[in-house]
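The values are calculated or read from the model by the stated rules, or taken from the named source; none is laboratory data. What you see is a predicted model, and the numbers here were worked out from it, not measured in a lab. Note: ideal-geometry Cβ built from the backbone for every residue, glycine included; neighbour counts use all protein chains shown. For the accessible areas, the whole protein counts, side chains as well, though only heavy atoms, and no ligand, DNA or RNA atoms are used. Shrake-Rupley method; radii C 1.70, N 1.55, O 1.52, S 1.80 Å.
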Amino acid sequence: MGDFNLALVIVAIVVCVLVFIFNVYLLVNYQHPDDANQAYFPKFVVVVGLSVALISILMLPADVANRQACKHSIYNGACNLTLPMKDLWIAVYIADALLVFFVIPFAMFYYEGDQDKSVGKRIKSALLWVVTTAIVCALVLGILYGLVGKVDFTVMHLSSNTTNFPSSWDFTSNQQCIGGSGTRACSAYLASTSSEKTWTMRTTFPEYIVALATIVGSVLFAIFGGVGIACLPLGLIFSFIRRPKAVITRSQYIKEATELGKKAKELKKAADALHQEERSGSKGRKWRKNVKAVEKELLQLEEDVKLLEEMYPQGEKAETAWALTVLGYLAKLVLGILGLIVSVAWVAHIIIYLLIDPPLHPFLNEVFIKLDDVWGLLGTAAFAFFCIYLLLAVIAGAMMLGLRLIFITIHPMKWGATLMNSFLFNVGLILLCSISVIQFCSTAFGYYAQATAAQEIFGHTLQSLRGIKYLYKYNVFQIAFVVLAGLTFIYYAAFGWRRKKPSGKFQLST
């Protein structure tokens, strides 16, 4: 048993190192050239934040493997060498909360500070914002914890008599207790509702912080995840459908490039005007609306330029470039179809296992268990894949809604062109939603992940917390998730196949 746990510790260490290396690779390749050889503190925060997010997602499969290490133990001491998963969960999610609410905002305020100011003034300004936020958060958390920081467990009071050990047992459906009279409630199945009692206790403050952070993340998860579970695969499929079918002529290329050049000049003129307004201090509602409009038009312009380059490859390797473009769209189609299968499986599992009471079938839980029977870690790997896919769906949903809703700030992630403020924003979003993804997965796969430390935190404490338990009792987040997934699917079925039309002459509201 100890050898298995030693192997699990080694695997955990190797995975953490690989996650760190992978995140450094993402940072190096996604960062904007303007941030090269500078902004080291925001880069450090990005790598740490992404590492915490991915490790927290992978901790749930590790929790399951850790439980399986002792599933055949016949005495408690046999499990002393397992990983202290509950302590690790609390530590990871407190780190998650600190990064989301304090470290990342500080890094963003510092990075976006006026470049004309000295480093000391930028740090002072960022600290002022973060300290103010910390004081407000501490007051709110302290008041809420003092007033409603308790859990109410519904328990059933059962009891029975004692008697001498008999030579034979005589139990019937009407007499299930030892020693006779039948007046005691010893059967939970037959006990009356009057035997139910409420056991109240105060939760620990770290668990309460995790619970509140989970609620905030669950709201974002239900919105972004519900949209993303549909738009992630369908976006890839309809990207293939809207692909350029053939290379355009040189005259068509010159005409389109001229139009894009005119639009670029209009955007530059508008951006200069907005920058001038910012320096003069007149940043009102219309200014923010115009900034949002410029960002949208700029993203659309970049997409048009990329599409034009695909339709008219140039240089000595033009034919090779076109062949790679075709293969890229074919890869999107294949990945989109596979992703659609996973998304349908997710939605079907939520309906079958979570929304219908009692569940119709364990579904994916049983799939993971059978995969574990084939090979010890195969089910755990499939479990990890479904959890990570859900997080990718959240990111895809945030990107889609960010381009369409005026109140969501656009922070696109682009290969070789992502500024640190966009990096930090998306890392914060990933960290905040990762808590909810874990809670959602521990609930959705409760049969497979039973008796784990994660289920103890998210399955019992969170769902019994005062003022919060009703959101989980009535499956509010799961219902919102499924409804938004259905609406997004209908939207893509109706409009996803259409090509985007040029927006025409760009204008700002005055």
key: Residue among Glu309, Glu278, Glu297, Glu316 that is among the charged types (D, E, K, R) and touching a residue at least 24 places away in the same chain (Cβ under 8 Å)   = Glu297
key: Meets criteria (open to solvent by 80 Å² or more (accessible area, probe 1.4 Å), of a type outside the set (A, V, I, L, M) and at pLDDT 85 or above) for Lys289   = no
message = When the residues of segment 462-485 are narrowed to those that are surrounded by fewer than 15 Cβ atoms within 10 Å (Cβ to Cβ) and either of a type in the set (A, V, I, L, M) or touching a Gly at 6+ places or on another chain (Cβ under 8 Å) (or both), which ends up modelled with the highest pLDDT?
response = Val483
ask   = Which is of a type in the set (Lys, Arg) and open to solvent by 90 Å² or more (accessible area, probe 1.4 Å), of Lys269, Lys263?
value = Lys269
task = Please give the number of the condition Ile435 fails out of (1) aliphatic (A, V, I, L, M); (2) at pLDDT 85 or above; (3) open to solvent by less than 30 Å² (accessible area, probe 1.4 Å).
result = (2)
query = Which residues, counting only those in segment 233-246, are surrounded by 16 or more Cβ atoms within 10 Å (Cβ to Cβ) and outside any helix (DSSP H, G or I)?
reply = Arg243
Criterion violated by Thr488 - all others in (1) open to solvent by 30 Å² or more (accessible area, probe 1.4 Å); (2) modelled with pLDDT of 85 or more satisfied = (1)
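Report yes if Leu340 is under 24 Å from Leu484 (Cβ atoms) and part of a helix (DSSP H, G or I), otherwise no. Spell out how you get there, then give the answer.
Details: under 24 Å from Leu484 (Cβ atoms): yes; part of a helix (DSSP H, G or I): yes.
Here the answer is yes, as Leu340 does meet what is asked.
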request  = Starting from residues that are of a type in the set (D, E, K, R) and open to solvent by 30 Å² or more (accessible area, probe 1.4 Å), keep the ones in segment 292-303 and report whichever is farthest from Glu256 (Cα to Cα).
outcome  = Glu295
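Starting from residues that are surrounded by fewer than 15 Cβ atoms within 10 Å (Cβ to Cβ) and polar (S, T, N, Q), keep the ones in segment 196-224 and report whichever is nearest to Leu158 (Cα to Cα).
Checking each candidate, the answer is Thr198.
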query = Applying the selection to segment 30-57, what residues are more than 22 Å from Glu112 (Cβ to Cβ) and at pLDDT below 85?
reply = none
message = Being farther than 16 Å from Thr249 by Cα, among the hydroxyl-bearing types (Ser, Thr, Tyr) and either open to solvent by less than 50 Å² (accessible area, probe 1.4 Å) or in contact with a strand residue (DSSP E or B) (Cβ under 6 Å, 6 or more places away or on another chain) (or both) is the filter here; which residues of segment 304-338 pass it?
response = Thr325, Tyr329
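Being more than 18 Å from Thr443 (Cβ to Cβ) and either surrounded by 17 or more Cβ atoms within 10 Å (Cβ to Cβ) or in contact (Cβ under 8 Å) with a residue 12 or more places away in the chain (or both) is the filter here; which residues of segment 342-375 pass it? Spell out how you get there, then give the answer.
Quick first cut of segment 342-375, residues more than 18 Å from Thr443 (Cβ to Cβ) only: 342-344, 370-375.
Scanning segment 342-375 gives Val342, Ser343, Leu371, Asp372.
A quick yes/no check of all residues on (1) within 26 Å of Leu234 (Cβ to Cβ); (2) in a helix (DSSP H, G or I); (3) at pLDDT below 80:
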position	(1), (2), (3)
Ile369	no, yes, no
Gly376	no, no, yes
Ala384	yes, yes, no
Cys387	yes, yes, no
Ile395	yes, yes, no
Met399	yes, yes, yes
His411	yes, no, yes
